[in-house]
Structures are given as structure tokens and as C-alpha cells.
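Starting off with a structure, shown below.
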């Protein structure tokens, strides 16, 4: 189970890094969302993977750690809000500049011309 | 009753102020919102002074919800945290007053965002829990995303997009490093983690080190260390003066996180993980200094030049910190106080200058004479010699402390030339900017936009802070030396957090 879990997290991270490096705002937002999934899974595993146990000490010997679950919950909430904000920002940039490239190559030159 | 909850007041005040400001306040809401914001900032100053006086004798530990230390979340107010809280409060009030002269009308909910920003910054300084640090980082980032867009405009949009995307990636790295550290040590409380890290052996220590280095990357991103500083100049140069001035404290949050984590958890007593990251900080800090110096010289816009001065200050502080001795840390903290106040003043000043020059704005070219030529010229002169580090003001004193802290030959050989050379470049850039803007003005009648005296007075107050830092350099440096002494003995912090927690709360 650990191997499968590790491969999943690794694949998700690798895909997200590829998408983030695309330098276009939409793939970057998708990439960041994937990265946050990978991070959430990773955080979850930091309490060790235990199956079928309650998160209470004393109820059974191998108990599952409740803290990472709380951390993941916090991270999900924050990540969700941030994804929404970055999508709106990306749409605005697309609307204002007419391109979804994060670094428009001609942009600097354009500004120089205006001066 | 109030005194035992003193430690959490710096968080509750801005939180409740922000919530109150969000209410619909009738036909003229801005008036009430301003009053609430100003009251909140004034209260913050009073509370932080009280805190500072208290923690001079004992470290305050506040267990939130009275859950004991390694399990619950604690707020820890030691000398360092109290100093940073006071600095934030002292910066926030003049900046907010400046903003109340009309800049707050440029976008909705400026005041609430300002208070949430303060909440995040103060929370990051006060918390004793690593995950809580992440949460407060997010609070300050989320409000800074919105504040950066304050006033709108194309250029801000792109700078904000860069800033948001970079910081989202940074937050993901922060969570990964927290996961690693929690997985190895089984705790998130900084004091507890410091104890656990020092006993690690073998592979566990190696994994903890990689977690620590990830944390360094994240803090480096917030602090704008060399390979991660590219977001800063554009973001700071395009946003409004008020926001940029408030952001003068933001890079310091990253520096605070580095100082806290790498003295407490990965300090000299950390066993196999001891002294983690110091080499990286030394070389990257030096490179940041050099690049910042070139950036200042190459800027054709006053705001951009000031943003690069922030980069220089980050390089100076992190390089000096990495030398690790008591005098170096004391020097860093003194420099931190000085640079926050003076860059805040400079950003506000650049805003005023840009507004009065009209079309040429803050670009460093010949332009119209300013309406309040003499007053602005004087303020710019004082701010410039302070930030450059010319005698006699605080910049000079703090650079002296930093240069004195270099001990070995190698440190002197690298730190002295780079600090002095970047000082020299800053001097060239700012004197060029000053002479173009104030002396080589176009003939004809001066600009007709003038600013109220009160608004200029807020800039003067920030500069007076820098001057006061020069006059009271001895007591302030005594205090920073005491902080450095505390930081070099993390067991004091650990004992305070793990044993005294909540004892007298019943």
C-alpha cells in the first residue's frame, strides 16, 4: 500500500510541476491544483498509513493519527479559496492582455514604445 | 483578567476591527471604517508596548483554549516577538493615516484587508506552532493578494498574478516541509520539535534536514532571497504607496521565520541537523546583495529603485545572520528595525512625489517642479541618507554593527566589499534620482497638486522613528543584544514553552 501511495503522490507532483512550467496561466492553475492534491495526500501520510482504526488513543493499539487529518482539512480549505482567486485573476489577465501567457514576450517592448 | 490574555490581544484587535469594518455603515461607511482602523492601530501600539515591557522580565506563553503546550497551539511572546509586534504597530499607524487621505477610496474594503494583513503578520510573529505559522502566512498572503490589486490597473494585474502563483507554489512547499517534519518528529510545536530534532540519528536526521531546507526555501521566497526575489520589484513598484509601505514589513516576516526556525530548531544544539542552511544563507545572501545593488543602479523608476533597496536589505540581513554569532544577530535586528521604517517612509514619499509630478510620475527623468518642493526635497534627502547608510543617521549605525560582526578573514573579505559596494551603488542611484527630480526641473509653473500637511507628517513620523533609532542606538542595541543572547540559548525558549504553559491561567 505504501508503494502505491508513494507512486500516486510522486506522479501527481511530477505532472503538476510539468504543468506549472508551461508558463500559461490556465495550465499553471491546474498544475497548482494538482500540486495541492499531491500535498494533501502527502500530509495525510505523514501520520503513517493505518487502516480500519479509530483516531483515539486507548481504543485499540494501532490507532490512526488524527492530527494530519486536521492539517489536510485546513490545507484543503485554504487551497480551495486560493484556486478560486487565482482563476479569477487569470481570467482578468486574459481579458486585459488578450493572452494567457504569464510572461508576455512583447510586453516589455510595448511599454518602452509607449514612453 | 485582561493582563493574562495580553498575549493574544495583538491578534484579537485587528481581527475584530476587520470584522466591524465589514459591516454596512450607512451612507458614509468610509468614515466609520477609518475610525475603527485608526483606533485598532493605536490600541495595537499600546498593547505592544505593554507586551514589550512585560517580556523583558519573563517570556509570556499563552495556551490557546488552555490546551497544554506540545498538544495545543501556543502563542509565545519572547523579546524577539514583542519587538517585531511593536515594529509592525509603529509602521501600521502612520501608513494607515497616510492611506486615510483618500487612497483608501481607490478600492473597496481596503480597511478590512489592511487589518487582516496586520492579523496575519502579527500572528506569524507570535505563534509557537509551525502549522499555525503556515496558517498565519496564508492569512497575510490572502489579504496581500487583494491589497496588491488595490486601485486596479493593468500592470498591477500582471504583478499580482506572478505574486499569487509563486506564493501558491510556495505554500505547497511549506506544507510538504511541515509533513516531513511532522512525520519524523511527531510534533508541530516549535519548542517540542527543537528537542526532538536534536535527538535524531541516521536517516531520520537526513530527512529532517531536507524538511528544514524546504522550510528555508519557503521563507526565502517570502523574504525575497536571490533566486526567489523576482516577484518583489514588480509587485512593490506597481502597487500603491500605502500598500507598498505596509509590505515593508512583509519580507521581514520571512526573515523572522528564518531567524526563529534556524536558531531554535536547527541551531547549534540540533545534533546532526545543527547549523543547517547557514552556508546557503551566506552565499545566497551575498549574491542577493550584489544583484540588489545592480538593480538599484539599473532602475529608471524611483519605486523600482526603492524595491531593489528592499532586496539589498534582505541580502544584508540574511548574510549577516548566517555568520551566526551574537553580535551578528544583534546587528541584523537593529538593521531590521531601521530598514522597515525607512523603506516604509520611502514608498510613501515616492507615492507623493509621483502624484505631484503628474505625467512623469516616479520615472527618474526631468519633470515639472513639485508643488511642495522644499518639504518633499528635505524628506527625500533625510530618507535617502538614512537608507543608504551615510552618517549620522540610523542606516550608518546599523551598517557599522553589521560590519563589526564579521569575525574571520573570509567573512570580512566578502561581506565588507559587498555591503560597502552596494551602499555605494545605492548612493549613486538615489543621488541621481534626487538631482533629476528636485534640481533639474523643467522651467514653468510648478505642479498644482499638493498634499495636505498631515499626510506629509506621517512620512516625517516614520523618518523620525529612524532618527530616534540613531539617538537611542545604545538602549536599542542593548535590547537586540539581549534578543541575540536569547536566540543563542534556545533552551530558555523551550523551557518556557514546555513547562510553564497555562500554569497560572486557572
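Coordinate-derived values only; no laboratory data. Here the structure is a predicted model, which is why all the values come from computation and not from measurement. Methodologically, a virtual Cβ is constructed for each residue, glycine included, from the backbone with ideal geometry; neighbour enumeration extends over all protein chains shown.
Quick one: grab the alpha carbon gyration tensor of segment B:181-282, order the square roots of its eigenvalues as a ≥ b ≥ c, and give me rounded if a/c is under 1.5, else prolate or oblate depending on whether a/b is larger than b/c.
prolate
Averaged over its residues, how many other protein chain Cβ atoms are within 10 Å of peptide B:74-86's Cβ atoms? Mind showing how you got there, number by number?
Numbers: counts 0, 0, 0, 0, 0, 0, 0, 0, 0, 0, 0, 0, 0.
Mean inter-chain Cβ contacts per residue within 10 Å come to 0.
Turning to a different aspect of this structure: Please give the Cα centre distance for segment B:222-298 versus segment B:78-143, rounded to the nearest Å.
Each part's Cα centre sits 18 Å from the other's.
Right, another one. Given a Förster distance of 45 Å, report the FRET efficiency between residue B:294 and residue A:17 from their Cβ-Cβ distance, rounded to the nearest 0.05.
Values: r = 30 Å, r/R0 = 0.67.
It comes to 0.90.
Also, quick follow-up: What whole number of Å gives the distance from the Cα centroid of segment B:437-502 to the Cα centroid of segment B:409-430?
Taking the Cα centre of each part, segment B:409-430 and segment B:437-502 sit 22 Å apart.
Okay, helix-only estimate at 222 nm for chain A: each DSSP H run of n ≥ 4 adds -39500 (n - 2.57), divide by all residues, round to 500 deg cm²/dmol; what do you get? Present the calculation step by step, with values, prior to reporting the outcome.
Working: 4 runs with 80 residues, N = 115.
Here the helix-only value at 222 nm equals -24000 deg cm²/dmol.
If you don't mind, there's one more thing I want to ask. So for B:291, B:397, fewest C-beta neighbours within 10 Å to most, what's the order? List each step's numbers first, then the result.
Details: B:291 19, B:397 22.
Lowest to highest Cβ neighbour count: B:291, B:397.
Provide the gained length on full extension for the span residue B:54 to residue B:453, in nm with one decimal, where the gain is 0.36 nm per separating residue minus the Cα-Cα distance.
On the way: separation 399, 0.36 × 399 = 143.64 nm, distance 3.64 nm.
Result: 140.0 nm gained on full extension.
Please arrange A:34, B:427, B:437, A:1 by counting, for each residue, the other beta carbons lying within 10 Å of its beta carbon, fewest first. Kindly include the intermediate steps, with their values, before the conclusion.
Numbers: A:34 21, B:427 17, B:437 28, A:1 7.
Fewest-to-most ranking of A:34, B:427, B:437, A:1: A:1, B:427, A:34, B:437.
Points 7 angstrom from Cα along the Cβ direction at residue B:360 and residue B:413: gap in nanometres?
Once both label points are built, they end up 4.6 nm from each other.
Still on this structure, please answer the following. What average count of beta carbons from other chains do you get within 10 Å of the Cβ of residues in A:31-42? Before the final figure, lay out the partial values.
Details: counts 3, 6, 1, 1, 7, 5, 1, 3, 8, 3, 1, 7.
That works out to 4 on average.
Something else: Calculate the spin-label point distance for residue A:84 paired with residue B:28, positioning each point 7 Å from the Cα along the beta-carbon direction, and give it in nanometres.
3.4
Further question on the same structure: For peptide B:466-479, how many partner chain Cβ atoms fall within 10 Å of a residue's Cβ, on average?
0
What ranking, highest mean first, results for peptides B:416-423, B:183-190 when packing means the other Cβ atoms within 10 Å averaged over each residue?
Top to bottom by mean Cβ count within 10 Å: B:183-190, B:416-423.
If you take the beta carbon distance between residue B:272 and residue B:440 as r and set R0 to 51 Å, what does 1/(1 + (r/R0)^6) give as a FRET efficiency, to the nearest 0.05?
On the way: r = 60 Å, r/R0 = 1.18.
Calculated transfer efficiency: 0.25.
For chain B, what is the mean residue ellipticity at 222 nm derived from helices alone (per DSSP H run of n ≥ 4: -39500 (n - 2.57); sum divided by total residues; nearest 500 deg cm²/dmol)? Let's see the in-between values first.
Details: 20 runs with 363 residues, N = 506.
The helix-only estimate for chain B comes to -24500 deg cm²/dmol at 222 nm.
Could you give the angle, 0 to 90 degrees to the nearest 10, between helix B:250-264's Cα long axis and the longest principal axis of the Cα atoms of chain B?
20
Which ordering of B:41, A:15 is given by a fewest-first count of other beta-carbon atoms within 10 Å?
A:15, B:41
Mind pulling the angle between the C-alpha long axis of helix B:130-148 and the longest principal axis of chain B? Nearest 10 degrees, somewhere in 0 to 90.
10
Once both axes come from the Cα atoms, what is the angle between helix B:490-499 and the longest principal axis of chain B, in degrees from 0 to 90, rounded to 10?
70
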